[in-house]
Amino acid sequence: MTVGMSAAADILGVDGADHLDRDRSGGAVLQARGLCREYGTVIAVDGIDLSMAEGEFLTIFGPNGAGKSTLLGMLAGAMRPTAGSVSVRGQALSSSDTDWRHRIGMLSHKGFLYGRLTVEENLRFYGKLFGLTDLDERIPARLEQVGLTRRIRFEARQLSHGMRQRLSLARALLHDPDVVLLDEPYTGLDPSAASVLRNVLDELKDGRRTVVMVTHNLREGLEMATRVAVQVAGRFAWEGDNTGLGRQDFERHYHDVVEGLP
Amino acid sequence: MSTYLTQVWAIVWKDLLLEIRSRERIAAMGAFAVLAGVLFNFSIDTTTTRPENVAAGLIWMTLVFGGLLGVGRTFHLEAQDGAFQGVLMSPAPKDAVFLAKTTANFALLYAVSLLVLGVFSLFFGLDLGQNLGWVVLVLGLGSLGFVALGTLFAAVSVGTSMGETLLPVLVFPLLVPMVIYGVGTTTRLIDGRPFNEVEGNVRMLGAFALAALAAGAVLFRFVVED
């Protein structure tokens, strides 16, 4: 049992422990079992189990260095776990079969953009890598969604940070993935850009996508989430359903969990 | 067009477009080729040395050193904003990525190799005559073998703390067969010998290029996967 978990249950009115072990494998879209990642002697992710159904939105909070980005990297298939496995709709993320890559879209710290390509060229390039054939319709629709239609001829390097972030989101969603992974999407965004991002993320909650978001932004993270987890030292120190978690209560609880661990 | 070819072409197109817009590599390689030609021209005493005897070796050395300038930076534009990770996270097979990067590098290096040939022909007064086409073919095969190995090892070196300085150490020993056959063949062709005299060497160069391509296509995924 994780330190702080009992107190958390009292404060928040949910039992986090149950959620760590519950079996959702029947309809699981995204599933991780015993996920570990070590960098030499440093253990970044230490045996995380995760099972997410269609339409769920998990927000992962945690201090810097908790292994959140590493976890997302493994869920995205960008890095190989030291131990454990990840599957999407029952298909293991193996390097030999790339079908599962069509089902995952990731917005990372890095935008995965080419600064000297235009907005349209960036999307067209990634679209072709994903084997998309309807790019003439799909690209304008995505740019409309993220509010970049008027910047279609701009080179990516000419865009502000917020616009680049929106373009990265359009790139991540271009192939209409089942699983969307978001790593600190609100970092460095002004209120206007954050608002656009919030609207797009709201649209993702359409019941057919599964979203995992890592963020330090408690307000945005709680507002979006159907489930919440706190990751500390490579483990989920707490996890529970978001049944109207109040920000202030959760903030107190978050500090209890983070500071209560050795 | 199959999805595989579409993916290959998308990366080739992107790499060449980025090069056209940045001119980073082609300018460095082109300038090196011209300057090397000028310096070698002044370094040889033509009253004691026949230019035809040394031109082939100098052409190939210029190609190898100049090529390293460009091939070594293959993944630098990709590294900005983590773009290459985005490519690796796409469904494009890793061998398709390798073949595409190699093709784009080949286009650049082959253009430079033709420039090198032109520069040395000018400075050394080479008369290639009817062997011009064969020399162009030989340089093409050499360029292909070189970029196949260079692209693979550029991916290795970019992930190390030594970076580009490691690349020559890794690549040069493997280029020895290519240089031996390439210089020998080019020397004879420049000297006006018939093609059938060097046909075996040309086949060896072709085999070297194909072997390097195949090895690169197989090994690339082990280099780039985390």
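Some observations on this one:
- The stretch A:186-243 - residue that is more than 29 Å from A:Met163 (Cβ to Cβ) and of a type in the set (D, E, K, R) and, of those, surrounded by the most Cβ atoms within 10 Å (Cβ to Cβ): A:Glu239
- For the stretch B:147-163, the set of residues classified as surrounded by fewer than 24 Cβ atoms within 10 Å (Cβ to Cβ) and of a type in the set (Val, Ile, Thr) consists of B:Val156, B:Val158, B:Thr160, listed by residue number.
- Here A:Tyr126 meets the list (1) among the hydroxyl-bearing types (Ser, Thr, Tyr); (2) at the interface with another protein chain (Cβ under 10 Å from one of its Cβ atoms); (3) over 20 Å from A:Asp183 (Cβ atoms) almost entirely, failing just condition (3).
Yes/no per residue for (1) basic (Lys, Arg); (2) more than 27 Å from A:Phe130 (Cβ to Cβ); (3) assigned to a loop (DSSP other than H, G, I, E, B):
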{"position": "B:Gln80", "(1), (2), (3)": "no, no, no"}
{"position": "B:Phe84", "(1), (2), (3)": "no, no, no"}
{"position": "B:Ser90", "(1), (2), (3)": "no, no, yes"}
{"position": "B:Asn105", "(1), (2), (3)": "no, no, no"}
{"position": "B:Tyr110", "(1), (2), (3)": "no, yes, no"}
{"position": "B:Leu114", "(1), (2), (3)": "no, yes, no"}
{"position": "B:Val119", "(1), (2), (3)": "no, yes, no"}
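- Number of positions in the stretch A:93-123 that are at pLDDT 90 or above, more than 8 Å from chain B (Cβ to nearest Cβ) and farther than 11 Å from B:Ser90 by Cα: 6
- For B:Gln130, the criteria (1) touching a helix residue (DSSP H, G or I) at 6+ places or on another chain (Cβ under 7 Å); (2) over 26 Å from B:Ala27 (Cα atoms) hold in every case but one, which is (1).
- Filter result for B:Leu141 (under 10 Å from the mean Cα position of the chain (by Cα), part of a helix (DSSP H, G or I), within 18 Å of B:Thr62 (Cβ to Cβ) and of a type in the set (A, V, I, L, M, F, W, C)): yes
- Residue match in the stretch B:206-220 (condition: part of a helix (DSSP H, G or I), surrounded by fewer than 18 Cβ atoms within 10 Å (Cβ to Cβ) and within 14 Å of chain A (Cβ to nearest Cβ)): yes
- Residues in the stretch A:133-177 that are closer than 21 Å to B:Pro93 by Cα, surrounded by fewer than 24 Cβ atoms within 10 Å (Cβ to Cβ) and within 23 Å of the chain's Cα centre (by Cα) were compared, and the one that is nearest to the other protein chains (Cβ to nearest Cβ) is A:His175.
- A:Arg22 within 24 Å of A:Val258 (Cα to Cα), at pLDDT below 90 and among the basic types (Lys, Arg): yes
- Subset of the stretch B:2-24 (residues that are assigned to a loop (DSSP other than H, G, I, E, B) and within 10 Å of chain A (Cβ to nearest Cβ)): B:Ser2
- Selection count where residues are touching a residue at least 60 places away in the same chain (Cβ under 8 Å) and part of a helix (DSSP H, G or I), scope the stretch B:186-200: 5
- No other residue among A:Gly131, A:Gly188 is on the phi > 0 side of the Ramachandran plot and modelled with pLDDT under 90 apart from A:Gly188.
- For B:Val71, the conditions (1) without any contact (Cβ under 8 Å) to a residue 24 or more places away in the chain; (2) touching a Gly at 6+ places or on another chain (Cβ under 8 Å) all hold with the exception of (1).
- Unmet criterion (only one of (1) among the hydroxyl-bearing types (Ser, Thr, Tyr); (2) farther than 17 Å from B:Leu63 by Cα; (3) assigned to a helix (DSSP H, G or I)) for B:Thr151: (2)
- Hits in the stretch B:35-92 - residues which are within 14 Å of chain A (Cβ to nearest Cβ) and modelled with pLDDT of 90 or more: B:Ala83, B:Phe84, B:Gln85, B:Gly86, B:Val87, B:Leu88, B:Met89, B:Ser90, B:Pro91, B:Ala92
- One residue alone among A:Ala76, A:Ala83 is surrounded by fewer than 16 Cβ atoms within 10 Å (Cβ to Cβ), modelled with pLDDT of 90 or more and of a type in the set (A, V, I, L, M, F, W, C), and that residue is A:Ala83.
- Selection status of B:Ala31, away from chain A (no Cβ under 14 Å), out of contact with any helix residue (DSSP H, G or I) (no Cβ under 8 Å at 6 or more places or on another chain) and either modelled with pLDDT under 90 or assigned to a helix (DSSP H, G or I) (or both): yes
- Of all residues in the stretch B:18-33 being crowded, with 17+ Cβ neighbours inside 10 Å and hydrophobic (A, V, I, L, M, F, W, C), the one that is farthest from B:Val64 (Cα to Cα): B:Leu18
The values are calculated or read from the model by the stated rules, or taken from the named source; none is laboratory data. On a predicted model such as this, the values are computed, not experimentally measured, just so you know. Backbone-built Cβ (ideal geometry, glycine too); neighbour counts: all protein chains shown.
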